[in-house]
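Engineer: Can you keep this structure in mind? I'll have questions shortly.
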Amino acid sequence: MPIELKHVSYTYDPGLPTAKDALKDVSLTFREKEFVGIIGHTGSGKSTLIQMLNGLIQPTEGEILLNGESYYSFPEGMKKRQLKKAQAARLKSIRQQVGLVFQYPEHQLFEMTVAKDIAFGPANLGLPEEEIAARVDECMAMVGLKPELKEKSPFELSGGQKRRVAIAGVLAMKPAFLVLDEPTAGLDPRGRDGILGRIRRLQEETQIAVILVSHSMEDVARYTDRIIAVDDGRIRFDGKPREVFEHAQELRQMGLGIPQMTELGFRLKEKGLPLHDTILSVEEMLQALKEVYSC
Amino acid sequence: MLRDITIGQYYSADSVIHRLDPRTKLIGTFCFIVILFLIKGVYGLLIAGLLLLLIVKATKIPLWYIVRGQKSIYILLMFTVVLNMLMVKGDVLVKIGFITITREGIYTAVFMAMRLILLVIGCSLMTLTTTPLQLTDGLERLLRPLKKIKVPVHDISMMMSIALRFIPILMEETDKIMKAQSARGADFESGSILQRAKALIPVLVPLVISAFRRADELATAMEARCYRGDEGRTRMKELKYQKRDHIAKLVILVGCAGLYMTRFLPSITQTFYAITGLFS
Ligand SMILES: Nc1ncnc2c1ncn2[C@@H]1O[C@H](COP(=O)(O)OP(=O)(O)OP(=O)(O)O)[C@@H](O)[C@H]1O
Ligand SMILES: [Mg+2]
């Protein structure tokens, strides 16, 4: 059940002096069960790209398909009313299958209690009460929220907890793709690892596909299987973290960097240390050094 | 959708009107409003509309952009037209049950609608071509004499510019929250009026919270930069009239005088009677 983008472009405010081409001729496929990281400098079009996956904005040009079915084109000869209905139904099903967690999602909480807020999504899907209640419990456990927080007001929670509530609210719709826009922005290291670690485990256990937008090279190197680097609305790199981070020079030119350990590895190599592979994490570095000094 | 609302927004372009001193534009707008209420006939309004169109041309702002931004007054416009049409007494043209439409009613409705449209477009031209900062500066300078009678001129203009600045921020925020709730399956477009009103709760609650949060942040940011009101505050860019401002003022004067003269034109009904009189 892949999401395919075919030559997709997007322009904000077309025809105005503020017009901005946020995406330019992007072709991509997001497969099932994948953990993908999207990196790119600020304003490169990452948020625009992921909003498109969920049908919140419609490509100005090009086509986007979920499971081989186009988001916006319908068979010829449909009447206007029919078309409108079919479009609404399709978007609803897309939004169920592609769950999107926005940047600072805690700003969108509104209900009186945590449980009710998480229930908002499944309730919109028209699920029965018992099913919704079961999903609320399940998703709170998934993101690591204690059950006693259920009846609390979301506004009494800490920033990190609020964010977990927001993520649980999207998970409760049981999407096949979970798309997260900088889920760790503004959190401390422990909060960050807490959230990302849980998402990784969730992905391994439930086989949900995760698409993670992040500014932290360490995080994408550590958690993802594939990295997409966006530069000024175009895809510059798309591949395994190890492959992508080999292009240190180009990444730096794009205003990005490489993980610290990768950098260290390159420098050590320059100094003549016989390190073979591109190194991504502290653990790998330790392993490589152990091999070199055979201890 | 929401982004189409452009009340009080600035449209950046490089035109003479944009470069005019904000005070000139404020005076011009004020005169235009006053004269709109002094004009008596449809002819006068038509001429005023023509002049306004020329100014729009000069601002280099596409007309469709301005018209699209006025969507929010359509309802007000409808009310005006319908009420005037039904309430004004005079020569009865149509009578269905208790509804009577008179010749004078139609005339007044058209007149009022034109006046309202010109009024709104005239005022929005002002904000479209002037940044909130310039607007505040201009207003503060123009109202300066009122300080003598203890009117807090500075605070009033500061509040106004903050309010103007907050409109696009809140619009953007609304857009973002609506998207986020749509991502959770919220539906804002279908259902009865009651259902739709209820669907707005998930948008309004976060919006109000965010407005307070932003106001708080703004206050902190202003304090952190030592803002303490009017006292001892100097400006980086002092307003100064240029040659083009004097020309513009002359144009305003002549334009207003001309528009005032239209009071002495024969009214459209008189023309109508005169023409029909020719044939009888
Ligand atoms: N609602 C909007 N209206 C107009 N322009 C926009 C809008 N949203 C984004 N843009 C512009 O589109 C471009 C891409 O923005 P986008 O939000 O996708 O960037 P991003 O990669 O998510 O950046 P960041 O890392 O800062 O979140 C930017 O240049 C931005 O100014
Ligand atoms: Mg973004």
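Engineer: Give A:175, A:183 a once-over and let me know the one that is part of a loop (DSSP other than H, G, I, E, B), closer than 30 Å to residue A:131 by Cβ, within 16 Å of ligand 1 (Cβ to nearest atom) and within 14 Å of chain B (Cβ to nearest Cβ). Quick ask: steps written out before the conclusion?
Structural biologist: Details: A:175 fails: within 16 Å of ligand 1 (Cβ to nearest atom).
Matching residue, one of A:175, A:183: A:183.
Engineer: For the stretch B:190-202, what are the residues that are within 8 Å of chain A (Cβ to nearest Cβ) and assigned to a helix (DSSP H, G or I)? Break it down stepwise before answering.
Structural biologist: Residues of the stretch B:190-202 within 8 Å of chain A (Cβ to nearest Cβ): B:190, B:201-202.
Correct list: B:201, B:202.
Engineer: Please verify whether the stretch A:73-80 includes one or more residues that are more than 16 Å from ligand 1 (Cβ to nearest atom), of a type in the set (Phe, Trp, Tyr) and assigned by TED's automatic domain parsing to the domain that holds residue A:239. Working first, answer last.
Structural biologist: To start, the set of residues in the stretch A:73-80 that are more than 16 Å from ligand 1 (Cβ to nearest atom) comprises A:73-80.
Going one step further and asking which of them are of a type in the set (Phe, Trp, Tyr), we end up with A:74.
Restricting the remaining residues to those that are assigned by TED's automatic domain parsing to the domain that holds residue A:239 gives A:74.
Looking for residues that are more than 16 Å from ligand 1 (Cβ to nearest atom), of a type in the set (Phe, Trp, Tyr) and assigned by TED's automatic domain parsing to the domain that holds residue A:239, one finds at least one in the stretch A:73-80, hence yes.
Engineer: Mind telling me which of the residues A:238, A:181, A:193, A:232 ends up being over 26 Å from residue A:122 (Cα atoms), modelled with pLDDT of 90 or more, in the same structural domain as residue A:128 (by TED's automatic domain parsing) and within 16 Å of the chain's Cα centre (by Cα)? Don't jump to the end; show me each part of the working.
Structural biologist: On the way: A:181 fails: over 26 Å from residue A:122 (Cα atoms); A:193 fails: modelled with pLDDT of 90 or more; A:232 fails: within 16 Å of the chain's Cα centre (by Cα).
After ruling out the rest, the residue left standing is A:238.
Engineer: Okay, moving on. Within the stretch A:196-212, is there a residue that is within 16 Å of ligand 1 (Cβ to nearest atom) and either within 14 Å of chain B (Cβ to nearest Cβ) or surrounded by 21 or more Cβ atoms within 10 Å (Cβ to Cβ) (or both)? Break it down into steps so the answer makes sense when it comes.
Structural biologist: Looking only at the stretch A:196-212, we keep the residues that are within 16 Å of ligand 1 (Cβ to nearest atom), and these are A:211-212.
Within this subset, residues satisfying the condition of being either within 14 Å of chain B (Cβ to nearest Cβ) or surrounded by 21 or more Cβ atoms within 10 Å (Cβ to Cβ) (or both) are A:211-212.
Among the residues of the stretch A:196-212, at least one is within 16 Å of ligand 1 (Cβ to nearest atom) and either within 14 Å of chain B (Cβ to nearest Cβ) or surrounded by 21 or more Cβ atoms within 10 Å (Cβ to Cβ) (or both), which makes the answer yes.
Engineer: Then there is this: Considering only residues that are in contact with a helix residue (DSSP H, G or I) (Cβ under 9 Å, 6 or more places away or on another chain) and within 12 Å of ligand 1 (Cβ to nearest atom), which ones fall in the stretch A:1-47?
Structural biologist: Residues satisfying the conditions are A:10, A:12, A:13, A:16, A:22, A:23, A:26, A:38, A:39, A:40.
Engineer: Which residue out of A:87, A:97 is over 18 Å from residue A:170 (Cα atoms), modelled with pLDDT under 95 and either within 16 Å of ligand 2 (Cβ to nearest atom) or not β-branched (Val, Ile, Thr) (or both)? It would help to see each step written out before you state the result.
Structural biologist: On the way: A:97 fails: over 18 Å from residue A:170 (Cα atoms).
Sole residue among the options that is over 18 Å from residue A:170 (Cα atoms), modelled with pLDDT under 95 and either within 16 Å of ligand 2 (Cβ to nearest atom) or not β-branched (Val, Ile, Thr) (or both): A:87.
Engineer: Taking the stretch A:13-51 on its own, how many of its residues are within 12 Å of chain B (Cβ to nearest Cβ) and within 13 Å of ligand 2 (Cβ to nearest atom)?
Structural biologist: Matching residues across the stretch A:13-51 total 4.
Engineer: Quick one: would you say residue A:159 is within 16 Å of ligand 1 (Cβ to nearest atom), over 16 Å from the mean Cα position of the chain (by Cα), assigned by TED's automatic domain parsing to the domain that holds residue A:97 and over 18 Å from residue A:99 (Cβ atoms)? Don't jump to the end; show me each part of the working.
Structural biologist: Details: within 16 Å of ligand 1 (Cβ to nearest atom): no; over 16 Å from the mean Cα position of the chain (by Cα): yes; assigned by TED's automatic domain parsing to the domain that holds residue A:97: yes; over 18 Å from residue A:99 (Cβ atoms): yes.
No.
Engineer: If you don't mind, another one. Consider residue A:57 carefully, then state whether it is more than 14 Å from chain B (Cβ to nearest Cβ), among the hydrophobic types (A, V, I, L, M, F, W, C) and within 16 Å of ligand 2 (Cβ to nearest atom). Working first, answer last.
Structural biologist: On the way: more than 14 Å from chain B (Cβ to nearest Cβ): no; among the hydrophobic types (A, V, I, L, M, F, W, C): yes; within 16 Å of ligand 2 (Cβ to nearest atom): yes.
No.
Engineer: Pairs needed: first member in the stretch A:44-63, within 19 Å of residue A:210 (Cβ to Cβ) and not assigned by TED's automatic domain parsing to the domain that holds residue A:178; second member anywhere, part of a loop (DSSP other than H, G, I, E, B) and within 11 Å of ligand 1 (Cβ to nearest atom); C-beta distance under 9 Å; at least 6 residues apart or different chains.
Structural biologist: Here the result reads none, with nothing in the stretch A:44-63 linked to a residue that is part of a loop (DSSP other than H, G, I, E, B) and within 11 Å of ligand 1 (Cβ to nearest atom).
The values are calculated or read from the model by the stated rules, or taken from the named source; none is laboratory data. Just so it is clear, the model here is predicted, and its values are computed rather than measured. Neighbour counts run over all protein chains shown; Cβ positions are idealised from the backbone, glycine included.
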